[in-house]
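Take a look at the structure set out below.
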Amino acid sequence: MTQEHTPSSGVDRVLQRLCDASATIGGVVLVAIACVTVVSVIGRAFFSHPILGDVELVQLGCAVVVASFLPYTQFRQANIIVDFFTTGASEPTQRKLDAFGTLLYTLVIGLIAWRVAVGGVDIKANQETSMLMALPLWIPYTLMVPGLVLCSVIGLVQTLQHLGLIAKEEV
């Protein structure tokens, strides 16, 4: 694992704080999902009475959790990369390839953020709800958007850093 990136000031520090907040929210939702699952399993096993819609809650919560953890992973540059073919390349070539890969990732996450936001608006307009609990489905969509947008912003900043257009803060 790489050394912990602790920026001293500037854009990286703001992004780090936002990533930490997003990951904390994701962690809270994940703990809530785990509690719902435990209570439902205990209720099913011992009282023949599980939580109605527990699967719905877990599915909706997992979508929010993933979107909340993505910025943290991107900020730490902890996504899996395949560099088998580029290990022999020069440092400038590797930086350009990293910039290109980060840009592609950023564009895809930006596209997903846009479509999730549009989908959330449409779902709210159509008043769609979950099947068993009748939960409004626009809520998890809305909760996913900030993490996805933050991940896109981080990717854009990292792309510019790889290209040397903005300074990369080091420890």
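The values are calculated or read from the model by the stated rules, or taken from the named source; none is laboratory data. Remember, it's a predicted structure, so these values are computed and weren't measured experimentally. Positions of Cβ are backbone-derived with ideal geometry, glycine not excepted, and every protein chain shown enters the neighbour counts.
May I ask you to verify whether Ser130 is touching a residue at least 60 places away in the same chain (Cβ under 8 Å) and either under 30 Å from Val36 (Cβ atoms) or surrounded by 12 or more Cβ atoms within 10 Å (Cβ to Cβ) (or both)? So Ser130 fits the description; yes. Filtered by the rule that a residue be surrounded by 15 or more Cβ atoms within 10 Å (Cβ to Cβ) and either touching a Cys at 6+ places or on another chain (Cβ under 8 Å) or not in a helix (DSSP H, G or I) (or both), segment 9-36 gives a lone residue, Ile33. Here Leu52 clears all of (1) more than 28 Å from Leu18 (Cα to Cα); (2) touching a residue at least 60 places away in the same chain (Cβ under 8 Å); (3) surrounded by 13 or more Cβ atoms within 10 Å (Cβ to Cβ) except the condition numbered (3). Take Val39 and tell me if it is at pLDDT 95 or above, under 24 Å from Asn79 (Cα atoms) and either surrounded by fewer than 17 Cβ atoms within 10 Å (Cβ to Cβ) or not β-branched (Val, Ile, Thr) (or both). Criteria not met by Val39. Among the residues here, Ile51 does not qualify as assigned to a helix (DSSP H, G or I) and out of contact with any Phe, Trp or Tyr (no Cβ under 9 Å at 6 or more places or on another chain).
Looking at segment 118-171 only, could you name the residues that are in contact with a Pro (Cβ under 9 Å, 6 or more places away or on another chain), more than 19 Å from Arg17 (Cβ to Cβ) and either basic (Lys, Arg) or not in a loop (DSSP other than H, G, I, E, B) (or both)? Hits for segment 118-171 are Gly120, Ile123, Lys124, Thr129. Counting the residues of segment 117-127 that are loosely packed, with under 13 Cβ neighbours inside 10 Å and either over 29 Å from Ser152 (Cα atoms) or not hydrophobic (A, V, I, L, M, F, W, C) (or both) gives 3.
Residues of segment 146-159 that are touching a residue at least 60 places away in the same chain (Cβ under 8 Å) and aliphatic (A, V, I, L, M): Leu148, Leu150, Val153, Ile154, Val157. From the list Gly164, Gly88, the one residue that fits, being at pLDDT below 95, exposed (fewer than 15 other Cβ atoms within 10 Å of the Cβ) and in contact with a Lys or Arg (Cβ under 9 Å, 6 or more places away or on another chain), is Gly164. Exactly one residue out of Leu111, Leu148 is surrounded by 15 or more Cβ atoms within 10 Å (Cβ to Cβ) and of a type in the set (A, V, I, L, M): that is Leu148. Of the residues Leu103, Leu97, Leu70, the single one that is under 30 Å from Arg13 (Cβ atoms) and without any contact (Cβ under 8 Å) to a residue 24 or more places away in the chain is Leu97.
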